[in-house]
Structure formats: structure tokens, C-alpha cells
Amino acid sequence: MVVRKYFPSMYTKEDSAPAKSRNATLYLLRCVFLMGIRTPPQRFFVVYCLWSFALNLCSTFYQPIGFMTGYISHLSEFTPGEFLTSLQVAFNAWSCSTKVVIVWILVKRFDVATEILDEMDKMLTKSSERRNVHRAVALSNRIFFFFMTVYIGYATSTFISAIFMGRPPYQNYYPWLDWRASKWQYWLQTGLEYFAMLGACFQDVCVDCYPINFVLPLRAHMANFAQRLRNLGNDPDESADERYAKLVKCIKDHKVILRFCDTLRPMIGGTIFVQLLVVGLVMGFTLINIVKFADFGSRVAALSFMSAVLLETTPFCTLCNYLTDDSLKLADALFESNWIDQEKRYKTTLTHFLHNLQKPIVFMAGNVFTISVATNLTASKFSFSVFTLVQNMDIAEKLGKLSKPHEN
């Protein structure tokens, strides 16, 4: 029970415990702080600034440049497998850096969103409602640690595979450092690349998992809200004014939900748009590497990488489909309530509210296309187009021939 002691929010609390939806993002926001993109604390101001500078210099800003400079400087020295391993990560590194910058600019929206979650918690009155939130909180944190395990697993497996091959994992360019010159320079470059990739994976977990960590408690609140809508007008002891007041309160609660979505929409739209642009290309290079060039160790690392790439979009795109369905069910729940025998004022207000509830809650990727499973599949299928193009143009065979002089 050591894990439960140090990570209690990974476990479902009792129904009697007060609901704290913000705990669904507890470990996420701690890691966002460790990314070095929050306001430095007064107590450790210098330490935090130095850590932020080191991590973001290596992982956010220099790593994408190091990949491209390494290709230009030592392209002829790459084997095909090493080149594709580095290339697939390079594209993802550029997208990761872009997503980190987007989150960095909009990071204060996390604080606004957690405050709105606190508002939603005040709406809960029944143990069944708290139970739904407790389950969402536990599931959210478990997903976050699952993401962390997969991403860090990829970085570590690539590092171990590189050690056995005797070459740095990605052969990035570092000024005044030539890993071929001596053993200590080899280990220094390998360590620097591992640190940079660990930092990038750590950042990637945060920028890829935050939509899930925020949307899961939202879905729990929407399920509770649907039940409250369904129960409107069913209490025979209520007066007409009390029933109308409950309806007005539900309208205000719905506005809180919409405000929560509007708070996160710019950040989610930006980061998911960037990832959907590169997911097909990255997976295409990974498939080519696995099928044509990779040995056993490299295949393990490539499969870990592919799993991480799929995690960047697939779970949240699936959640968006569920969220849209949840929002449409709200209109059904209100229509199923006892409204037929109510007064004219109640019916008129309910009619306008019902019209607003029929508008689905959707997130857009860069205001260009809807984030959904269909969009994710379309982006992922591009990887097979890349693989087919390489097959038809015999690019893989040409790379293999170019590598033979290097191997000899």
C-alpha cells in the first residue's frame, strides 16, 4: 500500500468524502510546475529558474535544432535504421516543442479551469454524484501515470538499445563534442541525449495528457447534471416558484460547464492540431524502420515510440466523441423531465433552455476540423500512405545500399 500512501488520488474515495474534482489534475499540475513554465516560487526562485532554463534549453529549444544539425553534419554516417529512428523522433520533437510553447503561453488557463471545477463540486448534493466524481478523479490520475510509464519507457529502451549498439541514440549535434573521438565524449553525448529525451517525454506527457485529465471530471459532472435535469418537476411537494428556481439553477449550471470548455478550448485546439498534423508522418517513418531495418532492440524501442504517438491523440479524440454524446443526452434528459403540466413561464424558459442544450459540445483542432475518432483515423491512415510511397519509390532499398560502404 506504499503507492496508495504517496499517491492517494489514484484510488477511489468513499462516497461520504467531499468531492474534489481538481484532484483529477493534481499530479498533472505538479509535473507542469516541474516543466519550468509556471511562475517561479519566491522561496526557490533561483533554483526554479535554473532548472527551467536547463530543461527547456535542452528539451524544448535545442533538441529539435540538434536533430536537424546532426543530419546536415553527419548524414552519410547514419545507417538507415539510425536515420529513421532519429527522423521519426525529430518530427515529434518539433511538434512537442510547439505544444510546450502553446501550453506555456496559456498555462494560466489551468488555474481558471480548476477553479471552475470547484464551482461544479458545489452543485453536488447526493452520494451517487460524489461517487461519479471520485471515480473520474482516480481514473484520470491512473491514466496520467500510464502515459508517464509508456513515454519514459520509450526513452529508456532507446537509451539501452543505443548502449548495446555503441552509438548515441539520436546522434544530435553538440558543439565541441565528438562522440567518436573518445569514450568519455561518447558517454557525455549519450547522457545529454538521454536527459534531453527524458525531459521531452516528461513534457510530452503533460501536454498530451492534460485534455484527458480535465475532460474526465467534466464528463462525470455532465452525467450528474443530466440526472438533475431528468428529476426536474418530479417532487410533488414543491411549489411552482421552487420548481422554476431549480430550472433557473440548472441553466446557470450549464453555463458553468460551457465556461469550463471555453477556458480550455484555445489550448486544446492548438496542441491537438499540431499533433494531428505530424502523427501520420511520424508513424509512417516508424513503420518503415520496423519492417525494413530495425533489429530486435530497435523494434522494441520503435514499438514503444509508436504506442506513445498513438497515445498523443487517440484517447482524447475518443473522449471528444463521448463528450459530444454526453452533451446531446442533456437535451433528452430535460425533455424526459416533468414539464408538461407546468405553468407557462416554466415551459417558455424550458423551451429556450432545451434549444441551447441541443448544441453539441465539440472541440476544434486549430479551428480547422473537429477533434474526433474519425479525424484521428484520417490522420493515422496517412502513415500507410507514407509507407506505400516509400515502398513504390524503393527509397528503403536505396538507403540500404548507401549504408553498405559505411558498414564496411
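The values are calculated or read from the model by the stated rules, or taken from the named source; none is laboratory data. Because the structure is a prediction, the values reported are computed rather than measured. Here Cβ is always computed from backbone atoms with ideal geometry, including for glycine, and neighbour counts include all displayed protein chains.
Pairs meeting the criteria (first residue in segment 99-115 and touching a residue at least 60 places away in the same chain (Cβ under 8 Å), second residue among the aromatic types (Phe, Trp, Tyr), beta carbons under 7 Å, at least 6 apart or on different chains) are Ala113/Phe214; Ala113/Phe260. Could we say that Gly233 is among the small types (Gly, Ala, Ser), surrounded by 18 or more Cβ atoms within 10 Å (Cβ to Cβ) and part of a helix (DSSP H, G or I) here? The answer is no for Gly233.
Among the residues of segment 350-384, those that are under 29 Å from Leu229 (Cβ atoms), of a type in the set (A, V, I, L, M) and free of Cβ contacts under 8 Å to residues at least 40 places away in the same chain comprise Leu354, Ala374.
Across segment 5-19, what is the number of residues that are surrounded by fewer than 13 Cβ atoms within 10 Å (Cβ to Cβ) and closer than 11 Å to Arg142 by Cα? The qualifying residues number 0.
Scanning segment 189-198 for residues that are out of contact with any Asp or Glu (no Cβ under 9 Å at 6 or more places or on another chain) and surrounded by 22 or more Cβ atoms within 10 Å (Cβ to Cβ), which turns out farthest from Ser327 (Cα to Cα)? Please lay out each step first, then the result.
Filtering segment 189-198 for residues out of contact with any Asp or Glu (no Cβ under 9 Å at 6 or more places or on another chain) gives 190-198.
Checking the rest, the ones that are also surrounded by 22 or more Cβ atoms within 10 Å (Cβ to Cβ) come to 193, 196-197.
Values: Glu193: 45, Ala196: 41, Met197: 39 Å.
Checking each candidate, the answer is Glu193.
Residues that are more than 26 Å from Ile361 (Cα to Cα), surrounded by 21 or more Cβ atoms within 10 Å (Cβ to Cβ) and either aliphatic (A, V, I, L, M) or out of contact with any helix residue (DSSP H, G or I) (no Cβ under 6 Å at 6 or more places or on another chain) (or both) within segment 265-293 comprise Val282, Met283, Ile288, listed in sequence order. Applying the condition of being among the aromatic types (Phe, Trp, Tyr) and in a helix (DSSP H, G or I) to segment 131-173 and asking which residue is nearest to Val215 (Cα to Cα) yields Phe144. The one condition from (1) surrounded by 13 or more Cβ atoms within 10 Å (Cβ to Cβ); (2) modelled with pLDDT of 90 or more; (3) more than 30 Å from Ile288 (Cα to Cα); (4) not aromatic (Phe, Trp, Tyr) that Ile371 does not meet is (3).
Can you go through Asp208, Asp262 and tell me which one is buried (at least 21 other Cβ atoms within 10 Å of the Cβ), modelled with pLDDT of 85 or more and either within 21 Å of the chain's Cα centre (by Cα) or under 30 Å from Ser372 (Cβ atoms) (or both)?
Numbers: Asp262 fails: buried (at least 21 other Cβ atoms within 10 Å of the Cβ).
Just one listed residue meets the conditions, Asp208.
Applying the set (1) under 28 Å from Trp104 (Cβ atoms); (2) surrounded by 15 or more Cβ atoms within 10 Å (Cβ to Cβ); (3) of a type outside the set (A, V, I, L, M); (4) at pLDDT 85 or above to Pro169 leaves exactly one unmet item: (4). With respect to the stated conditions, Asp253 fails to be acidic (Asp, Glu), assigned to a helix (DSSP H, G or I), modelled with pLDDT of 90 or more and out of contact with any helix residue (DSSP H, G or I) (no Cβ under 9 Å at 6 or more places or on another chain). Looking at Ser140, Ser127, just one residue is buried (at least 19 other Cβ atoms within 10 Å of the Cβ) and either farther than 16 Å from Gly191 by Cα or more than 15 Å from the chain's Cα centre (by Cα) (or both), and that residue is Ser140. A Cβ distance below 7 Å, combined with a sequence gap of six or more or placement on separate chains, defines the contacts here; from segment 41-61, residues that are loosely packed, with under 11 Cβ neighbours inside 10 Å reach residues that are of a type outside the set (A, V, I, L, M, F, W, C) in the pairs Pro41/Tyr48.
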